[in-house]
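Notes follow once the structure below has been shown.
The values are calculated or read from the model by the stated rules, or taken from the named source; none is laboratory data. Quick caveat: nothing in here was measured; it's all calculated off a predicted structure. Here the Cβ positions follow ideal geometry from the backbone for every residue, glycine too, while neighbour counts run over all protein chains shown.
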Amino acid sequence: MAHRLLVLYGSYRSDRMGIRLANYIVAGLRARGDEVELIDAKAVGLPMFDRMYKEYPKGEAPAAMEDLAAKIRGADGFVFVTGEYNWGVQPGLKNLTDHFLEEWFWRPAAIASYSAGRFSGVRAATAWHGTLSEMGMVVISSTLAAGPIAQTLDESGAPTGDGGKSLARAFPRFADDLAWWAEAARTQRAKLKPPY
């Protein structure tokens, strides 16, 4: 069964490399038959966090925020594609995510990380796990990690070298895990209203 999935990406750098991983994931999930949309924080352009979507009077949130809230509510699951900045989370992605709360509830989240170095952004992935759990998502156990990103995916998002082969081997399990949890959460929400 096809799922509605959002792939969220947060780099604002002019020479950003992580978009390769985001595009790879979008293409891979679409090839499996899912309805997938890339949410690029830079393109959405939300302001630096001042107030949450829910804190605006109904109908008065900025248009980009209103549009994104509807997409989040309509999704079956999420993939957060994160770079690692000084051992921490990517600020653009965190800013985008923090504008919402209840909209994320009761759906699975997957984490894909990358970096220019050999650690593939795993410290950022670890930090995101707690954040996404606190925001009401079930974080799946499978992760993707790409690094060095420039040697793992080419400019078109195609796997290259040993890192690319490793990423391609890991992707099916990652996608299967996300699909299983998306289906489980969708089935349960249809059967029983979430407790809050």
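A few points about this structure:
- Of all the numbered requirements in (1) modelled with pLDDT of 95 or more; (2) farther than 19 Å from Met137 by Cα; (3) among the small types (Gly, Ala, Ser); (4) surrounded by fewer than 16 Cβ atoms within 10 Å (Cβ to Cβ), Ala61 misses one, and that requirement is (4).
- Single unsatisfied condition, Glu102 versus (1) more than 18 Å from Glu37 (Cα to Cα); (2) in contact with a strand residue (DSSP E or B) (Cβ under 9 Å, 6 or more places away or on another chain): (2)
- Of all residues making up the stretch 81-129, the number that are at pLDDT 95 or above, out of contact with any Gly (no Cβ under 8 Å at 6 or more places or on another chain) and among the small types (Gly, Ala, Ser): 2
- Candidate set from the stretch 78-92 (those that are farther than 14 Å from His129 by Cβ and hydrophobic (A, V, I, L, M, F, W, C)); member that is surrounded by the most Cβ atoms within 10 Å (Cβ to Cβ): Val81
- Output for the stretch 29-64, where each listed residue is within 14 Å of the chain's Cα centre (by Cα) and under 17 Å from Asp76 (Cα atoms): Leu29, Val36, Glu37, Leu38, Ile39
- Criterion: free of Cβ contacts under 8 Å to residues at least 40 places away in the same chain, of a type outside the set (S, T, N, Q) and either in contact with a strand residue (DSSP E or B) (Cβ under 6 Å, 6 or more places away or on another chain) or more than 27 Å from Ile72 (Cα to Cα) (or both) - qualifying residue of Gly130, Gly161: Gly161
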